[in-house]
1. Residue A:111 fails exactly one of the following numbered conditions: (1) surrounded by fewer than 22 Cβ atoms within 10 Å (Cβ to Cβ); (2) modelled with pLDDT of 95 or more. What is the number of that condition?
2. Failed condition for residue B:312, given (1) more than 14 Å from chain A (Cβ to nearest Cβ); (2) under 19 Å from residue B:50 (Cα atoms); (3) out of contact with any strand residue (DSSP E or B) (no Cβ under 9 Å at 6 or more places or on another chain), with all others met?
3. Hey, can you tell me all the residues within the range A:94-125 that are touching a helix residue (DSSP H, G or I) at 6+ places or on another chain (Cβ under 9 Å) and either in a strand (DSSP E or B) or touching a residue at least 12 places away in the same chain (Cβ under 8 Å) (or both)?
4. Looking at the range B:61-97, which of the residues that are farther than 30 Å from residue B:119 by Cβ and surrounded by 16 or more Cβ atoms within 10 Å (Cβ to Cβ) is farthest from the other protein chains (Cβ to nearest Cβ)?
5. Does the range B:195-203 contain at least one residue that is within 14 Å of chain A (Cβ to nearest Cβ), buried (at least 18 other Cβ atoms within 10 Å of the Cβ) and modelled with pLDDT of 95 or more?
6. Does the range A:128-161 hold any residues that are over 15 Å from residue A:295 (Cα atoms), outside any loop (DSSP other than H, G, I, E, B) and modelled with pLDDT of 95 or more, and which are they?
7. Could you say which residue among A:299, A:275, A:239, A:233 is more than 20 Å from residue A:51 (Cβ to Cβ) and in contact with a strand residue (DSSP E or B) (Cβ under 6 Å, 6 or more places away or on another chain)?
8. Looking at the range A:291-305, is at least one residue crowded, with 22+ Cβ neighbours inside 10 Å and either out of contact with any helix residue (DSSP H, G or I) (no Cβ under 7 Å at 6 or more places or on another chain) or within 14 Å of chain B (Cβ to nearest Cβ) (or both)?
């Protein structure tokens with residue numbers, strides 16, 4: 001009897017916030033392996049904000065997630081069958097396995113499936129601090145913000161997988177790291193556990209003036225770099241506190257993912273402060289991944305890069321965990337455990 | 001009897017649009033020359049949009065123009081007296097002489113006063129195509145937009161001193177140049193005389209949708225680079241037509257100079273199109289001026305860089321000419337002839 005796979009498909013596109021009805025759990029028999037193919041049992045599924053953008057139709061930086069196909073997503077797991085000379089049963093691997101228990105993949109193309117070493121770094125970390133979120137943090141911080149020692153770097157969504165790494169990488173370069181996070185628990189984690197110099201609870205600052213005042217207090221020397229995960233009022237408030245020649249890495253704008261208008265109030269500041277704003281998608285910069293993963297892996301293995309995980313249990317709980325992620329209910333990297 | 005100088009001072013700060021009452025014409029006797037000083041008879045005064053920003057109080061990239069002092073401004077003229085070994089009577093020079101007939105200046109500091117060669121390039125051009133506006137165009141185009149052959153570069157205020165040079169420099173690099181200008185005469189000049197591939201009369205497109213549609217028609221391959229002189233709706237419309245990895249050089253935002261709010265409607269596009277937006281002030285990049293002036297001077301001398309001048313007659317007419325410049329009444333580089 002063929003092994004049964006479970007998969008979550010995109011059943012319909014959300015109007016505004018996603019709901020459970022946008023997803024559909026199905027069973028499907030796994031076909032026989034062909035030459036070059038590898039069968040991976042997914043242990044962890046990564047849930048990430050970018051998935052929300054893919055659920056929309058229309059022009060974006062990436063192809064929209066097709067309807068009635070398996071939701072895309074990063075996965076970490078173990079090879080359970082292989083007709084590819086480069087992979088053996090028992091290999092620990094990461095790939096884009098999607099929201100499903102098993103990934104059947106032609107592993108001949110370089111980069112589709114990557115073996116990882118779990119002796120010093122746990123498997124799940126390859127979906128977080130030593131994976132796409134970590135490299136995202138590394139790219140925006142080192143290639144766009146490029147902080148000098150003594151400069152101040154601000155990060156939104158600072159308790160998240162990306163934001164947490166941004167601040168710790170900034171600190172490792174001698175910069176001052178200031179986070180923005182939602183709620184006292186996340187803020188305490190950002191300063192206490194991750195070692196940021198300060199963290200602002202944006203929920204305590206519902207208007208621009210209040211948030212801008214809080215940023216002034218937390219950044220007495222102004223802001224030299226900003227890692228943008230959120231957009232909207234937080235972006236406006238940060239811009240008001242930016243120094244001349246400030247750099248902003250645009251990585252996400254979660255506040256606009258449901259289609260809300262999120263205008264930037266004062267684009268004149270780009271000129272008057274001679275700022276640089278740059279958007280990026282880390283998958284378009286594969287050339288830096290080896291260098292980034294080397295630094296991130298070493299930092300995790302030596303305890304210098306800390307992170308936290310929120311782990312949902314079982315594929316069926318992935319949609320709810322994803323909706324929680326978009327509302328900021330997760331704490332650190334959001335994963336789904338599949339085994 | 002001492003030579004009498006005439007000067008225009010900033011009498012008060014404008015609230016909204018500047019008016020004649022913000023300026024004051026005064027006479028003042030010129031003091032005796034001290035060692036190291038040079039007396040320049042200003043032949044031309046340059047009027048530029050940046051002056052409007054300086055008239056405001058408060059935080060900007062530059063010190064505000066002080067009240068009751070001579071308005072700042074670039075000038076070209078002739079040395080009429082010198083106690084400085086590097087300058088002789090009869091030398092043609094450019095400097096920041098301000099809104100006045102004579103400039104008395106300590107010329108020991110390098111760069112304060114620069115001798116120019118008027119054999120192949122007219123004196124007034126050193127305030128335009130071969131001066132600050134030309135270098136501004138050169139910097140934004142070559143150092144930020146850096147167009148590849150075949151790419152499309154859009155320029156606002158395309159008939160102006162900066163915009164006109166941007167398009168011609170883009171064409172010289174094999175790019176397609178599309179201008180935005182106000183009125184059929186300016187548009188005809190931009191395509192006919194300056195050689196842009198297309199020019200859109202923004203006055204024919206009073207709303208975002210109409211302007212965006214016009215840009216789509218003029219830029220069938222999308223927009224790869226944008227030189228921003230204006231801000232507001234034009235910026236929003238251009239952003240909607242930008243290709244992935246588009247670059248925007250922010251040089252001016254004249255639409256916001258009187259304090260109007262000019263929000264950017266869709267900052268999400270910075271991320272989804274992986275754009276780079278960078279503000280700059282050309283006086284902070286003196287290291288590139290020699291290279292830029294060499295290219296610009298050669299292009300003007302050989303007829304490859306064309307420009308037009310609007311020349312007001314006499315210092316007393318400078319305020320009105322300046323107010324006209326802010327309303328787009330000039331055609332090409334706005335100068336005041338002082339002799």
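The values are calculated or read from the model by the stated rules, or taken from the named source; none is laboratory data. From a predicted model like this one, the values you see are computed outputs, not experimental measurements. Note that we place each Cβ from the backbone using ideal geometry, even for glycine, and neighbour counts take in every protein chain shown.
1. Here residue A:111 clears every test but (2).
2. All conditions pass for residue B:312, except number (3).
3. Once the filter is applied, which keeps residues that are touching a helix residue (DSSP H, G or I) at 6+ places or on another chain (Cβ under 9 Å) and either in a strand (DSSP E or B) or touching a residue at least 12 places away in the same chain (Cβ under 8 Å) (or both), the range A:94-125 yields A:94, A:99, A:100, A:101, A:111, A:114, A:116, A:117, A:118, A:120, A:121, A:125.
4. If we take residues in the range B:61-97 being farther than 30 Å from residue B:119 by Cβ and surrounded by 16 or more Cβ atoms within 10 Å (Cβ to Cβ), then B:70 is farthest from the other protein chains (Cβ to nearest Cβ).
5. no
6. A:144, A:145, A:152, A:153, A:154, A:155
7. A:275
8. No; the residues of the range A:291-305 include none that is crowded, with 22+ Cβ neighbours inside 10 Å and either out of contact with any helix residue (DSSP H, G or I) (no Cβ under 7 Å at 6 or more places or on another chain) or within 14 Å of chain B (Cβ to nearest Cβ) (or both).
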